[in-house]
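Report on the following structure.
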Amino acid sequence: MEKYQFLQDTDQEIIVDLKKNAKKSDSVYAFSLKNATLDLHLRCYEEWIRAQIFIFIPSFSPNIEWYNRWYESKVIVKADISSPDVYLNIHCISILSLNSSVNVQGEINISAGLKDVETHLMEEVVLLEWAKYTQLKPILNVASPSVKASHWAKIHRINREHLFYLESKGFAWQNALDLILQWYKQHIFDHFSDSDKIKSSRPSSRTDCPVIDTDNLVSRF
């Protein structure tokens, strides 16, 4: 992993110049933020870039303050691609509970005349309870007809049956929520930690994205 950074109760602007990895494997950048604002600018000026960007937003606190505090996070991620032969995968996942909100604005700009470029922008929200405010805004500005680019946004609720199952095994409700939260985070980071096994081959656009499913978790108990 090239970079991991955790942000809490702060606002930060980060500029990343993506470069060719000497090992010809994926460069991985991961960010986790809570009650914070991340303004991330990705610049692709070199050829043969393979990069995966992961942003995790756990707006949840399993304690008494959970009902008394407002968690508000915002992500602005912009990627400018001006060189050929680039693979860029951006995945932003938010886990929201009561008294939390998230605003995710993702934008990928691909210059004219480029070839062998593949980009994917994914914005996902998992609701533990009804959140106060949720906004997802994926944007693609593609000036070349010879590239592959996709984006999607998804909002879904956590499987309540899994929560009830863990409670039946003796977990307190808040502990069960915390366990599922940690499972989401670990599952995705495990996926990205394996990225250096990917050499020159490009992963497929959809199957490469980690699929979050807590069936595996509850089967352990």
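Among (1) assigned to a helix (DSSP H, G or I); (2) at pLDDT 80 or above, there is one condition HIS156 misses while meeting the rest; what is its number? Status for HIS156: all satisfied but (1).
Taken over region 117-167, residues that are surrounded by 15 or more Cβ atoms within 10 Å (Cβ to Cβ), over 18 Å from the mean Cα position of the chain (by Cα) and within 20 Å of ARG43 (Cα to Cα) amount to 4.
Quick check: is even one residue across region 170-183 of a type in the set (Gly, Ala, Ser), modelled with pLDDT under 90, out of contact with any Phe, Trp or Tyr (no Cβ under 6 Å at 6 or more places or on another chain) and assigned to a helix (DSSP H, G or I)? Within region 170-183, one or more residues are of a type in the set (Gly, Ala, Ser), modelled with pLDDT under 90, out of contact with any Phe, Trp or Tyr (no Cβ under 6 Å at 6 or more places or on another chain) and assigned to a helix (DSSP H, G or I). Only one of the numbered conditions (1) surrounded by fewer than 21 Cβ atoms within 10 Å (Cβ to Cβ); (2) at pLDDT below 90; (3) closer than 21 Å to VAL126 by Cβ is violated by TYR71, and that is (1).
Of all positions in region 116-133, at least one carries a residue that is more than 22 Å from PHE6 (Cβ to Cβ), of a type in the set (A, V, I, L, M, F, W, C), at pLDDT below 90 and not in a strand (DSSP E or B). For LEU98, the conditions (1) over 30 Å from ILE158 (Cα atoms); (2) at pLDDT below 90 are fulfilled apart from (1). Of the listed requirements (1) in a strand (DSSP E or B); (2) modelled with pLDDT under 90, LEU38 misses just one: (2).
Summed over region 103-115, the residues that are in a strand (DSSP E or B) and out of contact with any Leu (no Cβ under 6 Å at 6 or more places or on another chain) give a count of 5.
For region 189-196, the criterion of a residue being within 19 Å of PHE54 (Cα to Cα), among the charged types (D, E, K, R) and at pLDDT below 60 is satisfied by at least one position. Quick one: in region 52-62, of everything that is modelled with pLDDT under 80 and in contact with a helix residue (DSSP H, G or I) (Cβ under 7 Å, 6 or more places away or on another chain), which residue is farthest from ASN35 (Cα to Cα)? Within region 52-62, the match that is farthest from ASN35 (Cα to Cα) is PRO62.
Whether a residue is among the basic types (Lys, Arg), closer than 27 Å to TYR29 by Cβ and either out of contact with any Leu (no Cβ under 8 Å at 6 or more places or on another chain) or at pLDDT below 95 (or both) was assessed, and LYS78 does not pass this test.
The values are calculated or read from the model by the stated rules, or taken from the named source; none is laboratory data. Owing to the predicted nature of the structure, the values given are computational and were not obtained by experimental measurement. Glycine also receives a Cβ, built like all others from the backbone with ideal geometry; neighbour counts cover every protein chain displayed.
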